[in-house]
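Visitor: Right, I'll just put the structure down here and ask away after.
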Amino acid sequence: MGTYHYYYRLHITRILWTTLPHLFVPLSHHFNPTTTISISSRRHRLWCSSCSITEWKRKQSMEHVVVNDGGSEVVVADPQSLLHKISSFRLAGPKKLQVIADFDATLTRYWIDGRRGQSSHGLLQQGNPEYDEKRQKLFEYYHPLEFDPTIPLDQKAILMEEWWGKTHALLIEGGLTYEAIEESVAKANIAFREGVVELFEFLEEKDVPVLVFSAGLADIIEEVFRQKLHRSFKNVRIVSNRMIFDQNGQLVAFKGKTIHVLNKNEHALDMATPVHDQTNDINGLVEDNSFVKKRTNVLLLGDHIGDLGMSDGLNYETRISVGFLNDNIENSLESYQKAFDVVYLNDTSMQGVVKLASQLCPTESA
Ligand SMILES: [Mg+2]
């Protein structure tokens, strides 16, 4: 781990000096990083690329570069732009805010006790090894296609639709039961990031809706909420593929159109059914899709650059994007810091986002 961090630090330094020298302007004329540090909790460290050379050297010598052992590591490529967006959000208040979050490896942890955390799709054992294997074969065939840069997007969307369709058909054919979902979740290596509950509670208190987008299965995600958090939140809506079970708890069909990796955005809202059919919403937060149209400030949380597409279909005015770069940092940091306003490194907690959210919703405008 030490070696890894050492390499990583070198890499950051290289990025700074080779790609961002124009951003090194006198601090007093640009941005005082100490103000941005407030977006993260005390145990987080902010690294910003617009510090002056003197400041940077001072920081470097003080080992204020992104590496530290106990806290989170944060990269903000353009602090000035972020500050500008934060003040615009504050001005508009929580009534204009909505949060859009990816589920796997964004709300949940990437590593759990040294092992890769499971995804909501990956954890499912349908209680029929033959069908589990068939789904695994589909994964092995389609997964490389999902990341094949030579396949045009429209063709890829067809392939993804095909993959999801076949997987869903196998779940029905293989006799998936709700009980198998409960057991799978109970056995799964899956956990929410520390601070997720705090974040949802805060947003619930402010009546800010949270849309959790997933190309996985809503029923599994809800079961993860139930078993891992022992509660639900009235402001949280899961936009994902939803199952229909018969009276014996056996899967018979899926509701609505398929949501796959390439159409996981607000268009999917029209395709998806509400999270908890039984849940009464508050102030039209949950049941009426029009609520999100009026909320033109978006805080987006994701762990893939593709997650930025979750806000497609929404005419937002301002978006603050937060990326969790959990792994492969040395290769991905450059693209992540260009794509996201804020990048949290190394599978960190949600505490920085909690702090950010509290800044976006000042008490006086609530
Ligand atoms: Mg994800």
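A short reminder: the numbers here are calculations on the coordinates, not readings from a lab. As the structure is a computational prediction, the values presented were derived from the model and not from experiment. Glycine gets a Cβ as well: all are built from the backbone with ideal geometry, and neighbour counts include every protein chain shown.
Visitor: Can you list the GluC sites (Glu not before Pro) in segment 111-200 that are in a DSSP coil and have 16 or fewer other beta carbons within 10 angstrom?
Guide: On the way: sites: Glu130, Glu133, Glu140, Glu146, Glu161, Glu162, Glu173, Glu179, Glu182, Glu183, Glu194, Glu198; in loops: Glu194.
Loop-located and lightly packed - Glu194.
Visitor: Within a Cβ distance under 13 Å of Tyr131, other residues only, what is the Lys/Arg minus Asp/Glu net charge?
Guide: Values: positive: Lys134, Arg135, Lys137, Lys166; negative: Glu130, Asp132, Glu133, Glu173.
Once all neighbours under 13 Å are counted, the net charge is 0.
Visitor: Which of Pro144, Thr167, Gln118 sits closest to the plus end of the dipole of segment 116-186, meaning its Cα is farthest towards the positive end, when Lys and Arg get +1 and Asp and Glu get -1 on the C-beta?
Guide: Pro144
Visitor: In the neighborhood of Ser88, defined by Cβ-to-Cβ distances under 10 Å, what is the net charge if each Lys or Arg adds +1 and each Asp or Glu adds -1? If you can, show how the numbers build up before the last one.
Guide: Numbers: positive: Lys85, Arg90, Lys96; negative: Glu317.
Cβ neighbours under 10 Å give a net charge of +2.
Visitor: Which of the pairs Lys95/Lys257; Lys85/Lys234; Lys206/Lys294 have their Cα atoms more than 24 Å apart in this structure? List each step's numbers first, then the result.
Guide: Working: Lys95/Lys257 30 Å; Lys85/Lys234 27 Å; Lys206/Lys294 16 Å.
From Lys95/Lys257; Lys85/Lys234; Lys206/Lys294, over 24 Å: Lys95/Lys257; Lys85/Lys234.
Visitor: Distance in nm between label sites at Ser81 and Arg231, each 7 Å beyond Cα in the beta-carbon direction?
Guide: Distance between label points: 3.6 nm.
Visitor: When N is the residue count of segment 123-253, what does its C-alpha Rg come to as a fraction of 2.2 N^0.38 Å?
Guide: Values: Rg = 16.7 Å, N = 131, 2.2 N^0.38 = 14.0 Å.
Its radius of gyration relative to the 2.2 N^0.38 Å reference: 1.19.
Visitor: When a footprinting reagent is the concern and you count Cβ atoms within 10 Å, what order do Arg226, Arg242 take, fewest first? Write out the running numbers ahead of the final one.
Guide: Numbers: Arg226 13, Arg242 20.
By the 10 Å Cβ count, ascending: Arg226, Arg242.
Visitor: A further question on this structure: Do any chymotrypsin sites (Phe, Trp or Tyr not before Pro) in segment 107-163 lie in a DSSP loop with no more than 11 other beta carbon atoms within 10 Å, and if so, which? Let's see the in-between values first.
Guide: Numbers: sites: Tyr110, Trp111, Tyr131, Phe139, Tyr141, Tyr142, Phe147, Trp163; in loops: Tyr110, Phe147.
Of the chymotrypsin sites (Phe, Trp or Tyr not before Pro), the ones in loops of segment 107-163 whose Cβ has at most 11 other Cβ atoms within 10 Å are Phe147.
Visitor: Which FRET efficiency value, to the nearest 0.05, do you get for Glu182 and Lys257 by plugging their Cβ-Cβ distance into 1/(1 + (r/R0)^6) with R0 = 22 Å?
Guide: Values: r = 26 Å, r/R0 = 1.19.
My answer for the efficiency is 0.25.
Visitor: What is the spread of the Cα atoms of segment 116-186 along each of their three principal axes, largest first, in whole Å?
Guide: 40, 29, 17
Visitor: Mind sorting Tyr344, Tyr316, Tyr178 by how few other Cβ atoms lie within 10 Å of their own Cβ, fewest first?
Guide: Numbers: Tyr344 27, Tyr316 19, Tyr178 15.
Listed from fewest to most nearby Cβ atoms, that is Tyr178, Tyr316, Tyr344.
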